[in-house]
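Notes follow the structure.
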Amino acid sequence: AHRVVFYWHYLGNKLLTTLSNMTTNLNLTDMEVCYKVFKREVIQSIPLKENRFGFEVEITAKIARRHLKIYEVPISYYGRDYSEGKKIGWRDGFSALRCIVKYAFAD
């Protein structure tokens, strides 16, 4: 089996990150990274509705709207292939896109 760093996954991630950056006025390198750390009082003060990959968009937009600082730190990533449990697909990309539009205009 080969690693899932397919061209279309990479391109989709870059597109979603760019659109998120445009609607939040941020300059993130990877909005969908999944590694996020918060102070307890910050995360408890933000009402969250989304799950799956919509969560990434929602939390990014709500943090940006509150003008809280975001720090990016490098991580190592070794993508899984589908036989190892990778589940993301094009539907998740469209769901994230829907959430980008939704949270650009609503909290």
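The values are calculated or read from the model by the stated rules, or taken from the named source; none is laboratory data. Not measured: the values here are computed from a predicted model. As a convention, Cβ positions derive from the backbone with ideal geometry for all residues, glycine included, and neighbour counts pool all protein chains shown.
Structure above, values below:
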{"read-out": "Residues satisfying the stated conditions in the range 39-64, i.e. surrounded by 15 or more Cβ atoms within 10 Å (Cβ to Cβ) and of a type in the set (K, R)", "value": "K62"}
{"read-out": "Matching residues in the range 1-38 - criterion: being at pLDDT below 95, loosely packed, with under 10 Cβ neighbours inside 10 Å and either not hydrophobic (A, V, I, L, M, F, W, C) or not in a loop (DSSP other than H, G, I, E, B) (or both)", "value": "H2, Y7, W8, Y35"}
{"read-out": "Given (1) in a helix (DSSP H, G or I); (2) modelled with pLDDT under 95; (3) out of contact with any helix residue (DSSP H, G or I) (no Cβ under 7 Å at 6 or more places or on another chain); (4) surrounded by 13 or more Cβ atoms within 10 Å (Cβ to Cβ), number of the condition G93 does not satisfy", "value": "(3)"}
{"read-out": "Any hit, the range 79-90, residues being in a helix (DSSP H, G or I), polar (S, T, N, Q) and over 22 Å from Y35 (Cβ atoms)", "value": "yes"}
{"read-out": "Members of the range 41-63 found to be touching a residue at least 24 places away in the same chain (Cβ under 8 Å), within 25 Å of H9 (Cα to Cα) and of a type in the set (A, V, I, L, M), listed by number", "value": "V57, A61"}
{"read-out": "Restricting the range 39-78 to residues that are in a loop (DSSP other than H, G, I, E, B) and basic (K, R), the residue that is modelled with the lowest pLDDT", "value": "R52"}
